[in-house]
Amino acid sequence: MQNLIKTITPALKNGGWIAIAAAALFGATCAVMLHSPHDFLNLHMVQELSWLFFAAVVLAVAAAMLFLGVVQQHQRGMAMVVGAVVAFFSVLAASNAPSNIFLALGLCLPVFITLLWTLNPERNPFLRPHNMPMWTTHLVAVLLFVVFTAIMAYYSILRLRVFNATTFDLGIFAQMFEFARTTGRMLTTVERNQLLSHFAVHVSPIYYLVLPFYMLVPRIETLLVIQAAAVGAGVFAIRGIAQHLFGKSPRLIILSCLLFIFNPAFSSGLLFDFHENKFLTVLVLWAIYFMLKQKALPMLLFTLLVLMVKEDAAIYAGVLGLWLLLGHKWATEKERKRVISAIGIIGASVAWFLIARAIIESLGGTMMVSRLDNYFLPGSNYPGFVDVMMVILSNMGYVISQVFTAEKFPFMLWLLLPLGFAPILRKKGADWVLLIPLLVINFLSNYGYQFRIGFQYHYATFAMAMVLGLLALRGMKRVTRQRVLTFAVIASMITTLPLLLPRFQHLERTMQINEHRIAAVNDVLRNLPDGSVTATTFLAVHLYRREHLYMFPHWHLEAGEEQAVTEWLLAQPREVENNQHGIRYFIEEHYDFVQEVAFVMVFRARLAAEQSLRGNPHDDE
């Protein structure tokens with residue numbers, strides 16, 4: 001007996017017996033979840049559980065763990081097994097539940113506790129010798145980029161093909177690129193239901209760099225592939241930043257790449273149409289990389305590209321300039337260049353904002369400030385940025401009340417949990433300026449989309465927060481860095497998979513069930529006669545090649561203005577039946593029914609039909 005106790009003691013000491021129990025229980029739970037027809041949120045899973053099966057798995061896993069510890073006479077193998085089992089449980093549970101950031105937080109708790117034991121210096125697998133060459137980090141980055149781009153491009157295109165994509169924001173840009181391909185100008189009719197330059201709404205010269213790729217394959221799907229590739233390419237910048245911060249540590253570099261790829265902010269938004277903001281991620285990350293590498297020329301180039309994305313990109317470039325000025329000194333011989341570059345970036349950001357504002361106004365538009373209307377002063381004659389600045393400077397209590405709300409708290413968790421809360425662990429205060437855009441863009445406004453995951457407003461702010469997190473990791477002890485980064489990667493998987501997998505399955509199922517109906521609707525759209533067309537959001541996006549395309553409803557009607565009547569109107573039956581936005585009344589007043597095929601109804605304006613019956617008055621001349 002004494003010999004047996006002496007043999008198993010190395011496996012049981014220092015919490016080894018807890019690790020064995022945890023691996024056995026979590027492993028058995030995973031087996032039940034995989035075996036049961038019910039998800040774990042349904043207590044029928046427990047009601048129908050075979051306790052003999054459960055006990056058998058518990059005993060098998062416990063025996064395997066104990067055997068591993070006894071044979072090795074240390075706990076490193078046990079640590080890897082229990083870590084893998086607990087992580088698998090959390091990811092599996094998350095994948096079988098609706099997306100819920102609070103559930104994800106709870107599922108991350110056992111992972112966090114397990115990592116505290118697993119990555120202890122006595123059993124830390126990171127401390128074991130390895131011969132992994134640095135070129136493997138490049139290979140992993142390439143593979144992650146290819147897989148990420150392929151998957152996200154495929155499902156974003158599938159979303160379009162099953163008529164889940166919308167005119168705002170895919171349809172307007174598809175039509176804009178068609179105009180640009182034929183005229184060289186970024187024009188649309190569907191964005192404001194009149195022919196105008198998109199630059200009257202947002203000034204985005206970056207689209208002229210995208211245009212050559214679109215002209216090679218002038219299809220709406222091309223835009224979705226380019227967008228997915230642009231976001232995925234951020235992994236190369238993250239790889240470079242991680243190598244700069246962590247040195248030649250292939251494991252930490254690879255974990256950093258995984259941290260980027262699995263972050264829910266960068267993948268989930270790709271399933272929402274097309275937007276220039278999604279190009280910010282890769283451009284901001286490369287600008288930061290070259291700042292860290294003290295390379296002025298490419299740094300200035302990528303900062304210029306950031307400004308080209310949009311008028312409000314001035315805040316990202318301006319903050320990068322401020323961070324460069326305050327955050328990191330360069331080599332002595334480069335200090336003067338750093339200071340001049342930083343001041344130049346800040347000045348260029350202010351100048352660009354003013355120039356972009358002038359361009360918008362010269363084209364008949366106005367800069368969007370209404371999303372900060374919660375800061376407009378009562379009775380202000382000219383509500384705008386002046387009001388906002390007055391409130392921010394003089395009433396910080398009001399600002400805090402607008403930022404820290406119940407509605408915005410989940411968004412804070414979406415930001416911090418997949419990063420292992422690393423950004424708030426950074427001790428160097430100057431680096432915290434990287435969070436200024438997050439505050440301004442995502443938290444000051446009460447416009448719901450700006451603090452919701454899965455849209456386009458967080459692509460730059462989350463990238464800057466990720467860099468802040470990596471900077472925080474560099475300043476930690478080695479074992480703490482490993483724990484936080486490993487935890488962050490697993491937390492990213494736990495938060496991302498429930499966002500993506502159900503949507504992937506829904507899109508696949510929708511296409512499978514409705515393939516023939518979708519083909520029939522495509523035939524109707526393809527064979528629609530020439531003439532001006534008004535369509536609802538899910539249909540208009542598929543008519544992007546038409547020059548005279550308009551949206552119902554018209555979201556930007558002026559006082560006293562009415563929706564224009566076009567020759568054709570297309571809507572979905574449910575929209576007409578439910579009289580969404582008054583469409584049934586509009587149709588009854590102006591249109592005659594032509595046909596209904598699957599989920600599209602076609603109507604023709606009465607005036608156009610009468611003129612067709614009478615014939616063209618010029619036919620007899």
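Can you pull a Stokes-Einstein diffusion coefficient for the range 451-557 at 10 °C (1.306 mPa s), Rh from Kirkwood over Cα pairs, as a whole number of µm²/s?
Taking Rh from Cα pairs, D becomes 85 µm²/s.
In whole percent, what relative contact order does the chain give with Cα contacts below 8 Å and a gap of six or more residues?
Taking the mean separation of contacting Cα pairs over the length of the chain, I get 16 percent.
Give the carbon-plus-sulfur fraction of the accessible surface of the chain in %, rounded to a whole number; probe 1.4 Å, heavy atoms of protein chains only.
Exposed carbon and sulfur together represent 64 percent of the surface.
Taking Rh as the Kirkwood radius, which is the inverse of the mean 1/r over Cα pairs, what is the Rg/Rh value for the range 272-314?
1.03
Taking Cα centroids, how far is the range 449-478 from the range 498-574 in Å?
Cα centroid of the range 449-478 versus Cα centroid of the range 498-574: 35 Å apart.
Taking a threshold of 27 Å on the Cα-Cα distance, which of the pairs Lys310/Lys408; Lys248/Lys334; Lys310/Lys334 fall above it?
Pairs exceeding the cut-off: Lys310/Lys334.
Once you put a point 7 Å from the Cα of Leu501 and another 7 Å from the Cα of Val386, both along the Cβ direction, what distance in nm separates them?
About 5.5 nm separates the two model spin labels.
For Gln595 and Ala331 in the same chain, what is the full-extension length gain: residue separation times 0.36 nm, less their Cα-Cα distance, in nm?
87.8 nm
Taking 2.2 N^0.38 Å as the expected size of a compact globular protein, what ratio does the Cα radius of gyration of the range 362-494 give against it, to two decimals?
Scaled against compact globular proteins, the figure is 1.23.
Have a look at the DSSP beta bridges in the chain and tell me what percent are antiparallel, nearest 5.
65
Suppose only helical runs count, i.e. DSSP H with n ≥ 4. What mean residue ellipticity at 222 nm does that imply for the chain under -39500 (n - 2.57) per run, divided by all residues and rounded to the nearest 500 deg cm²/dmol?
-19500 deg cm²/dmol
Could you run the Debye sum over the Cα atoms of the range 438-480, one equal point scatterer each and no solvent, and tell me log10 of I(q)/I(0) at q = 0.29 Å⁻¹, two decimals?
Log10 of I(q)/I(0), two decimals: -0.96.
Given a Förster distance of 51 angstrom, what is the FRET efficiency for Glu588 paired with Leu109, based on the Cβ-Cβ distance and rounded to 0.05?
0.35
Hey, for a label at Arg606 modelled as a point 7 Å past Cα toward Cβ, could you say which residues of the range 564-586 have their backbone N under 18 Å away?
What the label zone holds, given the 18 Å backbone N cut-off, is 564-570, 583-586.
Set the Förster distance to 30 Å, then compute FRET efficiency between Lys295 and Val142 from the Cβ-Cβ distance, nearest 0.05.
0.85
Quick check: convex hull over the Cα atoms of the range 544-586, volume per residue in Å³, rounded to an integer?
Convex hull volume per residue, Cα atoms: 95 Å³.
Each label point is 7 Å from the Cα along the Cα-to-Cβ direction; what then is the distance between the points at Ile400 and Glu558, in nm?
Each label point is offset 7 Å from its Cα along the Cβ direction, giving 4.5 nm.
Any idea of the accessible area per residue across the range 522-600, 1.4 Å probe, to the nearest Å²?
I get 53 Å² per residue for the range 522-600.
For the chain, just run the numbers: alpha carbon Rg, then divide by 2.2 N^0.38 Å, N being how many residues it has.
Working it through for the chain, the quotient is 1.12.
May I have the pair-distance distribution P(r) for the range 32-156, computed from all Cα-Cα distances with 10 Å bins from 0 and rounded to whole percent?
10, 24, 34, 24, 7, 0
Taking a probe of 1.4 Å, how large is the accessible area per residue of the range 43-100, in Å²?
Dividing the accessible area of the range 43-100 by its residue count gives 54 Å².
To the nearest 10 square angstrom, what accessible area does Trp286 show with a 1.4 Å probe?
60
Can you give me the distance in nm between label points at Gln580 and Phe213, each placed 7 Å from the Cα along the Cα-to-Cβ direction?
Each label point is offset 7 Å from its Cα along the Cβ direction, giving 3.1 nm.
Using a Förster distance of 60 Å, how high is the FRET efficiency between Leu195 and Met80, based on the Cβ-Cβ distance and rounded to 0.05?
0.45
For Leu301, what accessible surface area do you get with a 1.4 Å probe? Give it in Å², rounded to 10.
Result for Leu301: roughly 90 Å² accessible.
From the square roots a ≥ b ≥ c of the eigenvalues of the alpha-carbon gyration tensor of the range 164-254, which class results: rounded (a/c under 1.5), prolate (a/b over b/c), or oblate?
Here the range 164-254 falls in the prolate category.
Give me D for the range 201-314 in µm² s⁻¹, whole number, from Stokes-Einstein with Rh from the Kirkwood sum over alpha-carbon pairs, 20 °C and 1.002 mPa s.
Translational D for this selection: 142 µm²/s.
The values are calculated or read from the model by the stated rules, or taken from the named source; none is laboratory data. Note that the structure is predicted; figures quoted are calculated from it, not measured. Backbone-built Cβ (ideal geometry, glycine too); neighbour counts: all protein chains shown. Surface areas here come from the heavy atoms of the whole protein model, side chains and all, with no ligands, DNA or RNA. Shrake-Rupley method; radii C 1.70, N 1.55, O 1.52, S 1.80 Å.
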